[in-house]
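The values are calculated or read from the model by the stated rules, or taken from the named source; none is laboratory data. Keep in mind that what you see is a predicted model, and the values were worked out from it rather than measured. Here the Cβ positions follow ideal geometry from the backbone for every residue, glycine too, while neighbour counts run over all protein chains shown. For the accessible areas, the whole protein counts, side chains as well, though only heavy atoms, and no ligand, DNA or RNA atoms are used. Shrake-Rupley method; radii C 1.70, N 1.55, O 1.52, S 1.80 Å.
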Amino acid sequence: MSLETLGWGPDFDLALSQSQPSSTPSLVPGRVVRQQRGLLTVQTQGAAFLARAAGRLRHQAVDAEALPTVGDWVLLQPPASGDGEALMHVVLPRRSVLKRREAGSEHDGQLIAANVDVVFLVVGLDGNFNARRIERALTVAWNSGATPVVILSKADLASDADERVREVEALAPGVDVLAVSARTGLGVEAVRARIPAAKTGVLLGSSGVGKSTLANRLLDAARLVTQPVRPEDDKGRHTTTHRELFVLEHGGLIIDGPGMRELGLLGGEDEGLASAFADLFTLAEGCRFNDCGHQAEPGCAVMAAVQAGTLSEERRASFAKLQREQAFQHRQADANAQRQHKRMQRTQSNAGWARTRAKRRGE
Ligand code: GDP
Ligand code: ZN
C-alpha cells in the first residue's frame, strides 16, 4: 500500500525532511490506521505493525496530545523480528487535530483523530435543528484545522429539504451543505466527492442523526479494500472498542469508530447536559423500576418530586428525554456488538471450513 493511498501529501514530504532525526536514519514513515484502547497499528508502505511510542517520544511529550493517535503520520523503527512491536519515534506535524472537550474536566481533552481533512457535521432533517448549535459545531470544526461540510441527513423524511439546505447555507457562508439520505442513497455520491482519493473524513453529530447508517453505506464496499491494512495476527478487529481508518472504494479515507460518534465530541455540550442533570440522576435511583421513564410509572421518585413541587415539569421532561436518548444509544451499541460478534463467528467458521476442505484435499 503506497503512502499516497493512505493520505500522504507533499506537506508531509517537507515535514519528513525536517523531522528525520540524524541519529536514527532507519526510521520509516507510516500512518496510524487503528487504535484499540492503548494499542496502535501503523501502516507503512511495506507492512502494518503494532506500534508504541518510544520512551523518548513519551518523555518529551508535553501532554497527551503530543502522542500519536489515529490518523497521525509517524516515523517508526520496524520491529527486529516479525511479530514484535514497532517503536514510534516522531509524530509529524498535523494538518488538523480533533479532540473531545471534556466539560469541567482538568484534562485538555482527549485526542480523537489527527490529519482529518473534512469534518462532516451530521444534522437530522427529521428533527428541529438548532442554528446556534450548528454554528458552534462549525467553529469547533474550523478550529480543528479541517474543513467542515454540513450533512442534513434523512432527507427522505423532509419535504422541505432544499429550503433547509438554503437556511443552513445562509448561516454558514462558504460551507458546503448537502441533503443526504442514507436510506435512498440521495447525496451519498456528493459525500464521497468531498473526500476524494487520499483525503480523510470523519462523521460527527448527535446520537440518532444517522451517522452509523451513512458510515455503513460508505464503508460496506471498503471492508475488503482495507484488508491489507490489518496486521496478520489481528483477531479482535470486529470489537466495538477501536477507531480505524478505512480506505473507501473510490480512494477516499474515513476514520470511524464508536469514539468518533460519542456524545460531547462537539464541545462537551451533551456531557454538560448530563452533568446539569446530576441531581436528577441521583433522584432517579429512588425510582422503583430501573428502566423508569419518569412519566407515569408507579413508584417514580422523579414524578413524586414534581408533585411535591420541588422539581419543575419542564426539567422532568428534559431529563426523561435525555435518558431515553441514552437508553437508545446503549441499545444500539449492544445491537452493533451482537452483529459484529455474529460476523466474527461467521468469518471464523468460514476459515474453519477452508481448513477442513484443504485437509481433505491433502494440502
Ligand atoms: P447515529 O446514532 O447517528 O449513528 O444514527 P443511526 O445511523 O443509528 O440512525 C438512527 C436512526 O435513524 C435509525 O433508526 C436509522 O434507521 C434511521 N436513519 C438513518 N439514516 C436514515 C435516512 O437516511 N433516512 C431515514 N428515514 N432514516 C434513517
Ligand atoms: Zn422515575
> What are the pairs, 6+ residues apart or on separate chains, where a residue within segment 202-218 that is outside the structural domain of Asp126 (by TED's automatic domain parsing) and near ligand 1 (Cβ under 8 Å from one of its atoms) has its Cβ under 7 Å from a residue that is open to solvent by less than 10 Å² (accessible area, probe 1.4 Å) and small (Gly, Ala, Ser)?
Replying inline: none
>> So for segment 160-172 (the condition being more than 16 Å from Asp126 (Cα to Cα), within 21 Å of the chain's Cα centre (by Cα), in the same structural domain as Ile112 (by TED's automatic domain parsing) and open to solvent by 20 Å² or more (accessible area, probe 1.4 Å)), does at least one residue qualify?
In response: no
>> Exactly one condition in (1) within 21 Å of Leu204 (Cβ to Cβ); (2) surrounded by 15 or more Cβ atoms within 10 Å (Cβ to Cβ); (3) not aromatic (Phe, Trp, Tyr) is false for Arg136; which is it?
In response: (2)
>> Taking the conditions exactly as written (modelled with pLDDT of 65 or more, more than 25 Å from Lys211 (Cβ to Cβ) and assigned to a helix (DSSP H, G or I)), does Glu325 satisfy them or not?
In response: no
> Within segment 299-311, is even one residue open to solvent by 20 Å² or more (accessible area, probe 1.4 Å), away from ligand 2 (no atom under 14 Å from the Cβ), more than 30 Å from Leu40 (Cα to Cα) and modelled with pLDDT of 85 or more?
Replying inline: yes
>> Checking the conditions here, which among Leu219, Leu214 is open to solvent by less than 20 Å² (accessible area, probe 1.4 Å) and in contact with a strand residue (DSSP E or B) (Cβ under 6 Å, 6 or more places away or on another chain)?
In response: Leu219
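Rundown of residues vs (1) assigned to a loop (DSSP other than H, G, I, E, B); (2) within 25 Å of the chain's Cα centre (by Cα); (3) among the charged types (D, E, K, R), yes/no style:
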residue: Val32; (1), (2), (3): no, yes, no
residue: Leu40; (1), (2), (3): no, yes, no
residue: Ala51; (1), (2), (3): no, yes, no
residue: Glu65; (1), (2), (3): no, yes, yes
residue: Thr69; (1), (2), (3): yes, yes, no
residue: Leu76; (1), (2), (3): no, yes, no
residue: Gly84; (1), (2), (3): yes, no, no
residue: Lys99; (1), (2), (3): no, yes, yes
> Which members of segment 195-249 meet the condition of being at pLDDT below 55 and among the polar types (S, T, N, Q)?
Replying inline: Thr226, Gln227, Thr239, Thr240
